[in-house]
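The values are calculated or read from the model by the stated rules, or taken from the named source; none is laboratory data. Owing to the predicted nature of the structure, the values given are computational and were not obtained by experimental measurement. A quick note on method: Cβ atoms are made from the backbone with ideal geometry, for glycine too, and the neighbour counts reach across all protein chains shown. We work out accessible area using only protein heavy atoms, side chains counted, and drop any ligands, DNA or RNA first. Shrake-Rupley method; radii C 1.70, N 1.55, O 1.52, S 1.80 Å.
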Amino acid sequence: MKFQDMPYARVDMNEVTKQFEDLMKDLDRSGSGEEAFRVHERYYTLTGHVMTMMTIAEIRHDIDMTDDFYAAEQDYYDKVTPTYQNLCTKYNEKLYASPHRPYLEEKIGKVAFRNIELQKMSVDEKILPLMEEENRLQTQYNHLLATAKIDWEGQSLNLSLMEPYLHNANRSIRKKAWDAFTAFFVANRERLDDIYDRLVKNRTAQGQAMGHENYLPLGYARMIRNCYGRDDIARFRKQVKEDYVPFAEKIHDARRERLHLAKLSYIDEGVYFPEGNPAPVGTPEEILLAGRKMYNALSPETAEFMNFMCDNDLFDVLGRKTKKTGGYMTYIPDYKAPFIFANFNGTSGDADVITHECGHAFQGYLTRNDPIREHADITMETAETHSMSMEFFTEPYMDLLFKKRAKDYVQMHFEDAVLFIPYGTMVDEFQDICYQDPGLTPKMRDEVWRDLEKQYKPHLDYTGNAYFEEGGFWQKQHHIYDCPLYYIDYCIAQTNALQYKIWQDRDYRQAWESYLKLCRLSASDFFFGLEEKAGLINPFEDGCLKYIVKKLEEKLHMD
């Protein structure tokens, strides 16, 4: 069914509560494992429908944040979602304690039951009001950014539509664009500080109410970190600083030379060629058509997926002034349909949507008929491995999108992927520090960010921009506000994607078969087990990044 034809009706949480109560009673009455699983299949149906309605409302709200009807629906779900999450937790607690647990664990899998343990640690009735407030604060932040109006050459542009100018080939244009872009954040600095300060205090209060010293244990449970913890991530960050940052700085210096600059400025971040970054050729419709051709050529599986997406209008990618910033893939359970949301702006980021978000969507499509719904509960580092790796697997087809500059795009994408890991890891350490010490003032948080930039991105020069020099850059990173502790998952995944890049350069077909296997495994095993089955080195293993750097330096003849 086409997305615009999918019917929507507000979820009646009172009715949903009654249905959950019936499910829990029937689960208690179950006389066998088979009977208990039949009850659980009803849980799949109920929760699938609730998530379908919530997701349709969210997408339609994000498509136009000035739509009063869907704004009201989003406000409603901000309020009732914690109640719904608590109902799911109560049900799963009963499932976890079922006398038929051995049968259910064999049927559903050990990962699902470990995830229930974490879910039990993630929500409780006593913190529902705090969770509702957290949702409202996140919505305030997103609304503030989505409705930004930046005066630019007689136009009023939002943050997404400023992107082409921030990376313009002409340095004077991008300096002027960065000044205008930064002015929005300077004007809203106190409000952004206030929102984040309240979020940190709110999340800290949630963590303390759940028996923790701070938010971090609760945040890790909510991220479903089911086989690794904070110490593992700290060791990964250590690898990044010691083994990886020096290599990334070599890439930056090579970029500096290519741009014919004596020194890199912050306005040169994300700029790779003196003539400007390659951009996809054609209208948004033509870019989607090129993406369709690409996936039809890549494999039978990707062809079936992309034709389904296009035939059912499961993309909304045009940048508009009242549209939420950013991009994502989500899933509509009742229709077994992935959906991709983005803001095309005429830059290479438009192609990234066709590769990155389609990597998520392809995995969701590939496993959409799995009868065990828990197998779709992929942890984020695995989900991002699917998307970031797809970016590399589509490289041979970039001529469809970039024509004569396909080679430039491949080089730019490779360097961008390499350079992301220090930044993403820095975002994680910043959040770790903020939640470890929730009493930090806004000024102290800015100082923490600027100090981390000097460790992870020592080439950065903010001369002429007091806001960034004082440490304000983090306020534009929406994950810090509304996806706490998420960002390190991108870095773990990028480590996997770079492994696939090394592998496909040696044997493309073998690497692709490993990738398909990883996608089909879904969440049927823990992350460490998935890595082993796919033939990847675990990023937490000491020496993983050192190995990747060695192979990439050999590829680039930098050793």
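Out of the residues in the stretch 268-288 meeting the condition of being over 25 Å from the mean Cα position of the chain (by Cα) and among the small types (Gly, Ala, Ser), tell me which one is farthest from residue 163 (Cα to Cα).
282
Every residue, every condition in (1) closer than 22 Å to residue 205 by Cα; (2) at pLDDT below 95; (3) open to solvent by 10 Å² or more (accessible area, probe 1.4 Å), yes or no:
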{"position": "70", "(1), (2), (3)": "no, no, yes"}
{"position": "91", "(1), (2), (3)": "no, no, no"}
{"position": "94", "(1), (2), (3)": "no, no, yes"}
{"position": "103", "(1), (2), (3)": "no, no, yes"}
{"position": "119", "(1), (2), (3)": "yes, yes, yes"}
{"position": "128", "(1), (2), (3)": "yes, yes, yes"}
{"position": "146", "(1), (2), (3)": "no, yes, no"}
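Could you check the stretch 51-65 and list, in sequence order, the residues that are touching a helix residue (DSSP H, G or I) at 6+ places or on another chain (Cβ under 6 Å) and either free of Cβ contacts under 8 Å to residues at least 12 places away in the same chain or assigned to a helix (DSSP H, G or I) (or both)? Write out each step before concluding.
Residues of the stretch 51-65 touching a helix residue (DSSP H, G or I) at 6+ places or on another chain (Cβ under 6 Å): 51-52, 54, 57, 60-61, 65.
Matches in the stretch 51-65: 51, 52, 54, 57, 60, 61.
Of the residues 416, 428, which single one is open to solvent by less than 30 Å² (accessible area, probe 1.4 Å), under 25 Å from the mean Cα position of the chain (by Cα) and of a type in the set (Asp, Glu)?
Sole residue among the options that is open to solvent by less than 30 Å² (accessible area, probe 1.4 Å), under 25 Å from the mean Cα position of the chain (by Cα) and of a type in the set (Asp, Glu): 428.
Just for helices (runs of 4 or more DSSP H) wholly inside the stretch 455-559: which have at least 3 residues that are charged (D, E, K, R) and open to solvent by 20 Å² or more (accessible area, probe 1.4 Å)? Walk me through how you get there before you give the answer.
On the way: elements: 466-469, 478-482, 488-506, 508-521, 527-534, 544-556.
The qualifying helices (runs of 4 or more DSSP H) are 508-521, 544-556.
Within the stretch 211-230, identify whether any single residue is within 23 Å of residue 424 (Cβ to Cβ), surrounded by fewer than 16 Cβ atoms within 10 Å (Cβ to Cβ), in contact with a helix residue (DSSP H, G or I) (Cβ under 8 Å, 6 or more places away or on another chain) and free of Cβ contacts under 8 Å to residues at least 24 places away in the same chain, and answer yes or no.
yes
Given the residues 424, 364, which is the only one that is at pLDDT 95 or above, outside any loop (DSSP other than H, G, I, E, B) and closer than 22 Å to residue 526 by Cα? Break it down stepwise before answering.
On the way: 424 fails: closer than 22 Å to residue 526 by Cα.
None of the others qualify; the one that does is 364.
Kindly provide the set of residues from the stretch 253-286 that are hydroxyl-bearing (Ser, Thr, Tyr) and part of a loop (DSSP other than H, G, I, E, B), ordered by number.
Residues satisfying the conditions are 265, 272, 283.
Pairs please, first residue from the stretch 29-42 and surrounded by 14 or more Cβ atoms within 10 Å (Cβ to Cβ) and of a type in the set (A, V, I, L, M, F, W, C), second anywhere and modelled with pLDDT of 95 or more and not in a helix (DSSP H, G or I), Cβ atoms under 7 Å, 6+ apart in sequence or on different chains.
Pairs that qualify, where the first residue is surrounded by 14 or more Cβ atoms within 10 Å (Cβ to Cβ) and of a type in the set (A, V, I, L, M, F, W, C) and the partner is modelled with pLDDT of 95 or more and not in a helix (DSSP H, G or I), are 36/30; 36/98; 36/100; 39/30.
Looking at 83, 47, which one is polar (S, T, N, Q), surrounded by 14 or more Cβ atoms within 10 Å (Cβ to Cβ) and within 23 Å of the chain's Cα centre (by Cα)?
47
Could you list all residues from the stretch 148-169 that are at pLDDT below 90 and open to solvent by 50 Å² or more (accessible area, probe 1.4 Å)?
163
Please identify the pairs in which a residue from the stretch 312-323 that is of a type in the set (Ser, Thr, Tyr) has its Cβ atom under 8 Å from the Cβ atom of a residue that is open to solvent by 30 Å² or more (accessible area, probe 1.4 Å), counting only partners at least 6 apart or on another chain.
From the stretch 312-323, the pairs are 322/64; 322/66; 322/147.
Please specify each residue of the stretch 1-37 satisfying the condition of being closer than 26 Å to residue 338 by Cα and charged (D, E, K, R).
2, 5, 10, 12 - these are the residues of the stretch 1-37 that are closer than 26 Å to residue 338 by Cα and charged (D, E, K, R).
The rows are residues; the columns are (1) closer than 25 Å to residue 511 by Cβ; (2) touching a helix residue (DSSP H, G or I) at 6+ places or on another chain (Cβ under 9 Å); (3) modelled with pLDDT of 95 or more; (4) assigned to a loop (DSSP other than H, G, I, E, B).
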site: 288; (1), (2), (3), (4): no, yes, no, no
site: 297; (1), (2), (3), (4): yes, yes, yes, no
site: 303; (1), (2), (3), (4): yes, yes, yes, no
site: 310; (1), (2), (3), (4): no, yes, yes, no
site: 317; (1), (2), (3), (4): no, yes, no, no
site: 321; (1), (2), (3), (4): no, yes, no, yes
site: 325; (1), (2), (3), (4): no, yes, no, yes
site: 331; (1), (2), (3), (4): no, yes, yes, no
